[in-house]
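All remarks here apply to the structure that follows.
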Amino acid sequence: MFARTAPLCLAALNGDTAWLDRMLSRGADPNRLGDAGINPPGCNCEDDPARAPALSFAAFRDRVDAVKLLLRRKADPNRK
């Protein structure tokens with residue numbers, strides 16, 4: 001199920017802030033869309049229901065620390 005998911009989105013989904021921070025420090029784009037069709041319910045992400053940014057994954061699972069980290073690192077809260 002998660003084989004094609006962007007690593008940043010997986011880290012956000014799991015609330016792994018150490019992994020998120022490491023990837024973001026190495027240039028990962030916090031607004032890149034994932035691609036595995038495991039989006040939060042009702043997410044209309046770029047007109048493709050199989051894509052969402054890392055922030056959506058973190059928020060969906062109530063990963064508050066991951067959400068805060070992504071926002072500090074310029075994740076766009078309006079990105080869909």
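The values are calculated or read from the model by the stated rules, or taken from the named source; none is laboratory data. In this text, all values refer to a predicted model and were calculated from it rather than measured experimentally. These accessible areas exclude ligands, DNA and RNA; they are computed on the full protein's heavy atoms, side chains included. Shrake-Rupley method; radii C 1.70, N 1.55, O 1.52, S 1.80 Å.
Things to note:
- Heavy atoms of LEU8 accessible to a 1.4 Å probe, total area in Å² rounded to 10: 10 Å²
- The phi torsions of the range 58-72, fed into the Karplus equation with coefficients 6.51, -1.76 and 1.60 and a -60° offset, translate into couplings of 5, 5, 4, 9, 6, 8, 4, 5, 5, 4, 4, 4, 4, 5, 4 Hz, rounded to whole numbers, with Gly and Pro shown as x.
- Here ARG22 sits with roughly 120 square angstrom of accessible surface, probe radius 1.4 Å.
- Probe 1.4 Å - accessible area at ASP29, Å² to nearest ten: 80 Å²
- Exposure ranking of SER25, SER56 by accessible area [1.4 Å probe, largest first]: SER25, SER56
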